[in-house]
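> First the structure, which I've put down as structure tokens, then a few questions once you've had a look.
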Amino acid sequence: MSQRNPAISKGVDWLLVWLYIILVAIGVMAIFATTYREGEDVVQGFLSLKTDYSRQSLFAVIAGVLATFILLTDSKFFTATANLWYAFGIVLLLLVFPFHSDVKGTSSIIKFGSAFQLQPAELCKLFVNLALAKFLSRVETDFKKTKSQLIAAAIAVVPALITIAQSETGLALVYFSFFLVMFREGLPAAVLIIGFSIAVLVVATLLVPPNLLAIILTVIAQGTIYFMRRQVKRNRNLLVWIISIWVVCVGIQRFAVPFIFDQVLRPYQVKRIYDTIGKDYVPKDARAAQEIAEKTVGKKKTDGDYNVKQSKIAIGSGGLFGKGLLNGTQTRYDFVPEQRTDFIFCTVGEGFGFIGSFLLLGIYLLLLMRIITIAERQRSVFSRCYAYGVASVIFFHITINICMTIGLAPVIGIPLPFISYGGTALLTFTMLLFVLIRLDADRQMVLR
């Protein structure tokens with residue numbers, strides 16, 4: 001093969017290619033197990049393009065053609081056009097507003113007839129990764145400066161804000177995974193610590209009564225001042241910092257979180273978050289209650305966390321070795337809503353048990369470790385940043401999706417990479433991965 005077409009095979013990391021093929025095959029198999037109905041002609045089902053597993057197979061073929069095309073492309077093309085792709089992605093996101101179709105509570109999809117639909121928020125992850133890698137690899141970019149850090153953050157946050165405006169909060173959160181790339185390139189660890197601390201404060205705001213939490217924060221601030229009293233005497237600015245942090249924390253707890261939950265998030269999204277932490281959400285007005293009710297119509301829900309409960313039952317019923325490919329009861333008989341997309345992992349858990357789930361996670365772990373290994377062997381800053389971006393996006397998707405299916409994260413509509421049903425998602429992950437493979441094949445070049 002290499003003799004016939006050395007251009008496509010030279011330098012290609014075939015381990016990544018085979019891991020990709022295995023994951024896509026598992027995805028088609030899982031979708032088949034979920035959507036196949038007794039008595040159907042399997043061959044006809046795959047050829048008809050009327051079943052979900054046949055359409056996913058078509059997406060896989062298209063993804064394979066696209067991957068081959070990427071491998072035949074000059075690596076310099078990606079660096080030269082990175083900013084153009086980013087601008088194109090922003091335009092696509094903006095086009096969603098006048099041309100979107102409401103699909104399952106989201107306004108982030110553009111439909112072309114009845115057979116094809118595009119979700120720019122998915123595709124834009126690739127463009128953001130290219131643009132961020134391009135910016136960080138510039139000779140004039142000094143990432144130790146605040147200005148450069150703010151520009152890099154804006155590259156990731158702008159499409160996230162547009163996506164939030166399209167009622168697609170889950171995908172918007174994915175863009176924040178690019179901060180891991182910035183951390184690798186020199187973003188101070190304090191930024192990540194502050195972000196994690198704010199997340200903990202938000203959760204505490206939901207769990208602890210407002211007045212009690214304010215008292216706890218005040219006691220912590222007073223205790224910090226007491227134990228650091230010698231340092232405070234020597235440096236009065238330290239006292240100002242402690243008081244400022246206390247004011248910010250109380251402000252977030254008393255004003256920012258209630259505003260976001262009442263004015264920014266949709267009522268059904270708030271309810272999902274409350275369901276995850278085990279608290280009941282009581283809407284403040286009739287319109288919010290009506291919206292939540294509309295989200296549950298026709299989905300066989302009896303309460304807000306029905307999906308998660310059925311998903312955990314499906315995964316738990318698989319036992320050690322699983323029930324077999326077509327023998328699952330929870331996933332075969334539609335007890336788990338969205339089981340071919342957001343909850344596809346429970347199909348693997350029920351059909352192949354703990355062993356199958358463990359092997360799937362092992363494949364993902366090997367994929368991530370291989371991507372990081374590839375990232376660290378790059379001579380080009382662009383290629384290294386891009387590789388870490390791919391690893392960050394895939395890691396975020398895997399972590400949130402699986403935590404979502406077992407009740408450790410809110411149900412926010414994040415697909416499982418290469419496995420969940422959906423053409424846009426599969427093509428996006430394919431392009432993300434194979435652009436990396438193409439860049440790695442030319443790793444001896446210094447790309448900017």
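The values are calculated or read from the model by the stated rules, or taken from the named source; none is laboratory data. Note that the coordinates shown come from a computational prediction; the quantities given were computed from them, not determined experimentally. Reconstructed Cβ throughout: ideal geometry from the backbone, glycine too, with neighbour counts over all protein chains shown.
> Go through Ile371, Ile344 for me and flag whichever is closer than 30 Å to Ser75 by Cβ and modelled with pLDDT of 80 or more.
The conditions single out Ile371.
> Also, quick follow-up: If the Cβ limit is 8 Å and pairs must be 6+ apart or interchain, which residue in the stretch 253-267 that is closer than 14 Å to Ser167 by Cα pairs with which residue that is modelled with pLDDT under 75 and among the charged types (D, E, K, R)?
Short answer, once both residue conditions are applied: Arg266/Glu291; Pro267/Glu291.
> When the residues of the stretch 176-187 are filtered to those that are touching a Ser or Thr at 6+ places or on another chain (Cβ under 9 Å) and buried (at least 24 other Cβ atoms within 10 Å of the Cβ), which remaining residue is farthest from Ala387 (Cα to Cα)?
My answer is Phe178.
> Show the residue pairs meeting these rules: Cβ distance below 6 Å; 6+ apart or different chains; first residue within the stretch 51-73 and closer than 18 Å to Lys10 by Cα; second residue at pLDDT below 90.
Every condition considered, the pairs that remain are Leu71/Ile8; Leu72/Ile8.
> Is it the case that Ser177 is touching a helix residue (DSSP H, G or I) at 6+ places or on another chain (Cβ under 9 Å) and farther than 21 Å from Gly413 by Cβ?
Criteria not met by Ser177.
> Considering only residues of the stretch 341-367 that are within 19 Å of Thr35 (Cα to Cα) and among the hydrophobic types (A, V, I, L, M, F, W, C), which is surrounded by the most Cβ atoms within 10 Å (Cβ to Cβ)?
This residue is Cys346.
> Tell me yes or no: at least one residue of the stretch 108-118 is part of a helix (DSSP H, G or I), in contact with a helix residue (DSSP H, G or I) (Cβ under 6 Å, 6 or more places away or on another chain) and either closer than 30 Å to Phe183 by Cβ or modelled with pLDDT of 85 or more (or both).
For the stretch 108-118, residues part of a helix (DSSP H, G or I), in contact with a helix residue (DSSP H, G or I) (Cβ under 6 Å, 6 or more places away or on another chain) and either closer than 30 Å to Phe183 by Cβ or modelled with pLDDT of 85 or more (or both): absent.
> Under 7 Å by Cβ, and 6 or more places apart or on different chains, what pairs join a residue from the stretch 83-106 that is under 19 Å from Leu130 (Cβ atoms) and surrounded by 12 or more Cβ atoms within 10 Å (Cβ to Cβ) with one that is of a type in the set (D, E, K, R) and modelled with pLDDT of 90 or more?
Hits for this filter: Asn83/Lys134.
> Go through the residues of the stretch 212-219 one by one and say whether even a single one is at pLDDT 85 or above, part of a helix (DSSP H, G or I) and under 29 Å from Thr146 (Cβ atoms).
There is at least one residue in the stretch 212-219 that is at pLDDT 85 or above, part of a helix (DSSP H, G or I) and under 29 Å from Thr146 (Cβ atoms).
> Within the stretch 50-73, track down each residue that is in a loop (DSSP other than H, G, I, E, B) and either surrounded by fewer than 18 Cβ atoms within 10 Å (Cβ to Cβ) or modelled with pLDDT of 90 or more (or both).
Once the filter is applied, which keeps residues that are in a loop (DSSP other than H, G, I, E, B) and either surrounded by fewer than 18 Cβ atoms within 10 Å (Cβ to Cβ) or modelled with pLDDT of 90 or more (or both), the stretch 50-73 yields Lys50, Leu72, Thr73.
> Just checking, which of Val297, Val308 is over 21 Å from Ile198 (Cα atoms), at pLDDT below 75 and out of contact with any strand residue (DSSP E or B) (no Cβ under 8 Å at 6 or more places or on another chain)?
Val297
> Give me a count of the residues in the stretch 8-19 that are within 14 Å of Thr68 (Cβ to Cβ), modelled with pLDDT of 85 or more and in contact with a helix residue (DSSP H, G or I) (Cβ under 6 Å, 6 or more places away or on another chain).
1
> So, one more: If a residue must be out of contact with any Ser or Thr (no Cβ under 7 Å at 6 or more places or on another chain), surrounded by fewer than 21 Cβ atoms within 10 Å (Cβ to Cβ) and either of a type in the set (Phe, Trp, Tyr) or assigned to a helix (DSSP H, G or I) (or both), how many such residues does the stretch 128-159 contain?
Of the residues in the stretch 128-159, 10 are out of contact with any Ser or Thr (no Cβ under 7 Å at 6 or more places or on another chain), surrounded by fewer than 21 Cβ atoms within 10 Å (Cβ to Cβ) and either of a type in the set (Phe, Trp, Tyr) or assigned to a helix (DSSP H, G or I) (or both).
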